[in-house]
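The values are calculated or read from the model by the stated rules, or taken from the named source; none is laboratory data. All values derive from a computational prediction rather than experimental measurement. Don't worry about glycine lacking a Cβ; one is built from the backbone with ideal geometry, like all the others, and counts go over all protein chains shown. Accessible surface is based on the protein model in full, side chains and every heavy atom, while ligands, DNA and RNA are left aside. Shrake-Rupley method; radii C 1.70, N 1.55, O 1.52, S 1.80 Å.
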Amino acid sequence: MLAIGSDHGGFALKQEVMAHLKARGVEFKDFGTYTEASCDYPIYARAVAQAVASGECERGILICGTGIGVSITANKVHGIRAALCGDCFSAKATREHNDANVLCMGARVVGGGLALLIVDTFLDTAFSGDERHVRRISLIE
Ligand code: RB5
(Lines give C-alpha, C1' and ligand atoms only; values in the text may rest on other atoms or scores of the structure.)
Protein backbone atom coordinates (compact mmCIF):
# COMPACT_ATOMS: atom_id res chain seq x y z
CA MET A 1 0.00 0.00 0.00
CA LEU A 2 1.26 3.45 -0.99
CA ALA A 3 0.41 6.60 0.97
CA ILE A 4 -0.18 9.79 -1.00
CA GLY A 5 -0.85 13.35 0.06
CA SER A 6 -0.64 16.95 -1.04
CA ASP A 7 -1.60 20.48 -0.14
CA HIS A 8 -3.70 22.71 -2.44
CA GLY A 9 -0.58 23.51 -4.51
CA GLY A 10 -0.11 19.83 -5.29
CA PHE A 11 -3.77 18.85 -5.52
CA ALA A 12 -4.11 18.83 -9.33
CA LEU A 13 -0.86 16.91 -9.87
CA LYS A 14 -1.89 14.44 -7.18
CA GLN A 15 -5.05 13.68 -9.19
CA GLU A 16 -2.84 12.88 -12.21
CA VAL A 17 -0.54 10.72 -10.11
CA MET A 18 -3.47 8.81 -8.56
CA ALA A 19 -4.98 8.16 -12.02
CA HIS A 20 -1.58 6.83 -13.09
CA LEU A 21 -1.29 4.60 -10.01
CA LYS A 22 -4.78 3.22 -10.69
CA ALA A 23 -3.81 2.47 -14.29
CA ARG A 24 -0.68 0.69 -13.01
CA GLY A 25 -2.72 -1.31 -10.49
CA VAL A 26 -0.85 0.19 -7.52
CA GLU A 27 -2.96 0.31 -4.36
CA PHE A 28 -2.84 3.63 -2.54
CA LYS A 29 -4.48 5.59 0.27
CA ASP A 30 -5.07 9.32 -0.17
CA PHE A 31 -4.38 11.22 3.05
CA GLY A 32 -5.67 14.52 1.62
CA THR A 33 -6.09 17.35 1.01
CA TYR A 34 -9.30 16.61 -0.81
CA THR A 35 -10.08 20.04 -2.33
CA GLU A 36 -8.21 22.92 -3.92
CA ALA A 37 -8.92 25.17 -0.94
CA SER A 38 -5.84 26.70 0.66
CA CYS A 39 -4.51 24.51 3.47
CA ASP A 40 -1.40 23.77 5.54
CA TYR A 41 1.01 21.29 3.94
CA PRO A 42 2.52 19.97 7.24
CA ILE A 43 -0.80 18.33 8.15
CA TYR A 44 -0.80 16.11 5.07
CA ALA A 45 2.95 15.56 4.99
CA ARG A 46 2.92 14.36 8.59
CA ALA A 47 -0.05 12.04 7.96
CA VAL A 48 1.71 10.37 5.02
CA ALA A 49 5.04 10.17 6.88
CA GLN A 50 3.42 8.60 9.93
CA ALA A 51 1.59 6.05 7.77
CA VAL A 52 4.93 4.99 6.29
CA ALA A 53 6.87 5.11 9.59
CA SER A 54 4.22 2.98 11.33
CA GLY A 55 4.28 0.35 8.59
CA GLU A 56 0.67 0.98 7.54
CA CYS A 57 2.04 1.90 4.11
CA GLU A 58 5.31 0.80 2.52
CA ARG A 59 6.13 4.05 0.74
CA GLY A 60 4.69 7.50 0.26
CA ILE A 61 4.35 10.27 -2.28
CA LEU A 62 3.96 13.92 -1.25
CA ILE A 63 3.30 16.91 -3.48
CA CYS A 64 3.15 20.61 -2.69
CA GLY A 65 3.97 23.69 -4.75
CA THR A 66 7.72 23.31 -4.48
CA GLY A 67 7.99 19.90 -2.80
CA ILE A 68 10.17 21.58 -0.18
CA GLY A 69 7.66 22.09 2.61
CA VAL A 70 6.41 18.52 2.50
CA SER A 71 9.96 17.11 2.39
CA ILE A 72 11.10 19.18 5.37
CA THR A 73 8.04 18.03 7.33
CA ALA A 74 8.23 14.36 6.37
CA ASN A 75 11.90 14.16 7.31
CA LYS A 76 11.05 15.19 10.88
CA VAL A 77 9.31 11.84 11.39
CA HIS A 78 11.68 9.16 12.67
CA GLY A 79 12.40 6.48 10.08
CA ILE A 80 11.40 8.64 7.13
CA ARG A 81 13.84 9.25 4.32
CA ALA A 82 11.96 11.69 2.11
CA ALA A 83 13.60 12.72 -1.15
CA LEU A 84 12.63 15.78 -3.16
CA CYS A 85 13.04 14.81 -6.81
CA GLY A 86 12.67 16.85 -9.96
CA ASP A 87 14.38 14.37 -12.28
CA CYS A 88 14.54 10.62 -12.87
CA PHE A 89 18.26 10.31 -12.07
CA SER A 90 17.65 11.56 -8.53
CA ALA A 91 14.60 9.30 -8.11
CA LYS A 92 16.66 6.25 -9.13
CA ALA A 93 19.71 7.21 -7.07
CA THR A 94 17.73 7.95 -3.94
CA ARG A 95 16.11 4.51 -4.05
CA GLU A 96 19.42 2.75 -4.75
CA HIS A 97 21.56 4.72 -2.30
CA ASN A 98 19.25 6.17 0.37
CA ASP A 99 16.42 3.61 0.33
CA ALA A 100 14.15 6.67 0.28
CA ASN A 101 10.67 5.75 1.46
CA VAL A 102 8.86 8.97 0.57
CA LEU A 103 9.02 10.74 -2.80
CA CYS A 104 8.38 14.48 -2.75
CA MET A 105 7.67 16.57 -5.82
CA GLY A 106 6.88 20.20 -6.56
CA ALA A 107 3.82 20.68 -8.74
CA ARG A 108 5.03 24.18 -9.68
CA VAL A 109 8.40 22.73 -10.64
CA VAL A 110 7.70 19.58 -12.67
CA GLY A 111 5.02 19.01 -15.30
CA GLY A 112 2.69 16.02 -15.25
CA GLY A 113 4.64 14.08 -17.85
CA LEU A 114 7.91 14.23 -15.95
CA ALA A 115 6.20 13.68 -12.60
CA LEU A 116 4.74 10.36 -13.76
CA LEU A 117 8.15 9.20 -15.02
CA ILE A 118 9.66 10.15 -11.65
CA VAL A 119 6.91 8.19 -9.87
CA ASP A 120 7.56 5.13 -12.04
CA THR A 121 11.30 5.35 -11.44
CA PHE A 122 10.79 5.69 -7.68
CA LEU A 123 8.39 2.72 -7.55
CA ASP A 124 10.39 0.46 -9.84
CA THR A 125 13.89 0.95 -8.40
CA ALA A 126 15.07 -1.27 -5.55
CA PHE A 127 17.52 -0.34 -2.80
CA SER A 128 20.96 -1.59 -3.79
CA GLY A 129 21.57 -3.17 -0.37
CA ASP A 130 25.28 -2.36 -0.69
CA GLU A 131 27.09 -2.44 2.64
CA ARG A 132 28.26 1.17 2.34
CA HIS A 133 24.72 2.41 1.76
CA VAL A 134 23.34 0.32 4.64
CA ARG A 135 26.07 1.78 6.87
CA ARG A 136 25.34 5.36 5.78
CA ILE A 137 21.60 4.96 6.34
CA SER A 138 22.25 3.57 9.82
CA LEU A 139 24.43 6.65 10.48
CA ILE A 140 21.45 8.87 9.61
CA GLU A 141 19.40 7.09 12.26
C1 RB5 B 1 1.70 26.94 -0.89
O2 RB5 B 1 1.52 28.21 -1.43
C3 RB5 B 1 3.17 26.58 -0.90
O4 RB5 B 1 3.85 27.34 0.04
C5 RB5 B 1 3.35 25.11 -0.64
O6 RB5 B 1 2.65 24.38 -1.61
C7 RB5 B 1 4.76 24.59 -0.69
O8 RB5 B 1 5.41 24.97 -1.85
C9 RB5 B 1 5.59 24.83 0.51
O10 RB5 B 1 6.75 24.43 0.60
> In Å², what does the accessible area per residue of the stretch 102-141 work out to with a 1.4 Å probe?
Replying inline: 53
>> Could you report the accessible area of V26 in Å², rounded to 10, computed with a 1.4 Å probe on the protein chains as they sit in the structure?
In response: 40
>> Run through the stretch 1-83 and list the GluC sites (Glu not before Pro) located in a DSSP loop whose Cβ has at most 13 other Cβ atoms within 10 Å.
In response: E27, E36, E56, E58
>> Which residue, V77, V102, F28, has the largest displacement toward the positive end of the dipole of the stretch 25-141 when charges sit on each Cβ (Lys, Arg +1; Asp, Glu -1)?
In response: V77
> Can you pull out the chymotrypsin sites (Phe, Trp or Tyr not before Pro) in the stretch 1-65 that DSSP calls coil and that have at most 14 other Cβ atoms within 10 Å?
Replying inline: Y34
>> Taking R0 as 22 Å, what FRET efficiency do you get between Q15 and E96 from their Cβ-Cβ distance, rounded to the nearest 0.05?
In response: 0.15
> Given 0.36 nm per residue, what is the gain on full extension from A37 to L123 after removing their alpha carbon distance, in nm?
Replying inline: 28.0 nm
>> Expected output is a single nm value to one decimal: the length gained when fully extending between L139 and K29, i.e. 0.36 nm times separation in residues minus the C-alpha distance. What is it?
In response: 36.5 nm
> Percent of accessible area on the chain owned by carbon and sulfur, 1.4 Å probe?
Replying inline: 54
> To one decimal place, what orientation-averaged projected area in nm² is obtained for the convex hull of the Cα set of the chain?
Replying inline: 7.3
